[in-house]
Amino acid sequence: QGDSTRIASPSSRTEQITKDMLAALDCLETQFNHCSVISFGLCTGAENAHKIAVKDDRVKGLVWIDGYGYLSPKFNRVKFLKKLSQPFNLIKALIKRLTKTKAMSSESSDNQANNVDDYVWRLPEKSQYKADMEVLHQREAKCLYVYSGGVQSYYNYQGQMKDAFPGEFFTQIFEEVYFPKADHTFFMLNDKHSLFDAIKNWLSRHY
């Protein structure tokens with residue numbers, strides 16, 4: 001996303017991002033007479049990496065950091081056990097819940113949800129995600145899903161995505177790597193090295 005301002009366009013933000021990504025692929029194809037790429041993104045960039053991989057068959061695989069995450073039955077058990085192991089945080093969470101007040105009306109919440117310039121990704125319905133993954137599975141694309149400790153609100157153990165879709169054929173095409181001690185941007189140098197090693201190992205095995 002960077003610090004660039006939004007260009008003047010009648011297109012929605014989502015449409016403009018898609019056009020930008022397609023233009024980048026077209027540029028690569030023109031320059032090298034061939035285009036075979038792996039999309040990569042962090043957070044909202046992860047959503048964009050997923051969308052362009054589904055949309056364009058020049059994308060042969062994708063890597064995302066802190067992208068979509070669906071809850072599994074095990075998620076709440078892991079969350080509860082972690083709270084039990086940290087009694088101070090458990091007490092703090094209980095106090096917060098007891099004193100919590102509604103910060104905004106439902107109307108302002110709806111307005112916020114409809115703001116296309118929010119720099120957040122929105123979790124698609126499971127049916128939509130499954131349809132997307134069928135496209136990637138048919139293309140034999142591979143996916144690496146990386147999660148940090150910064151998204152424990154929706155992902156808290158390695159293998160959660162596969163557990164969220166038991167028996168689904170498309171789980172064969174993605175792998176999960178979880179770095180619970182890393183923050184959302186992998187700020188610490190050791191975390192960066194671990195991230196790069198995981199990606200390089202995945203690339204060497206599949207490409």
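The values are calculated or read from the model by the stated rules, or taken from the named source; none is laboratory data. What you see is a predicted model, and the numbers here were worked out from it, not measured in a lab. Every residue, glycine as well, gets a Cβ built from its backbone with ideal geometry; the counts of neighbours run over all protein chains shown.
So here's what we get for this one:
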| read-out | value |
| --- | --- |
| Candidates K82, K60, K51, filtered to the one that is out of contact with any helix residue (DSSP H, G or I) (no Cβ under 6 Å at 6 or more places or on another chain), modelled with pLDDT under 95 and not aromatic (F, W, Y) | K82 |
| Of all residues in region 8-18 being under 15 Å from E47 (Cα atoms) and not polar (S, T, N, Q), the one that is surrounded by the most Cβ atoms within 10 Å (Cβ to Cβ) | I17 |
| Scan of region 25-36 for residues that are under 27 Å from F186 (Cβ atoms), modelled with pLDDT under 95 and hydrophobic (A, V, I, L, M, F, W, C), ordered by number | L28 |
| Region 123-151 - residue that is touching a residue at least 60 places away in the same chain (Cβ under 8 Å) and not hydrophobic (A, V, I, L, M, F, W, C) and, of those, farthest from S39 (Cα to Cα) | G150 |
| Total residues in region 63-75, condition under 11 Å from Y157 (Cβ atoms) and either among the aromatic types (F, W, Y) or at pLDDT below 95 (or both) | 1 |
| Hits in region 161-207 - residues which are of a type outside the set (S, T, Y) and part of a strand (DSSP E or B) | F174, E175, E176, V177, F179 |
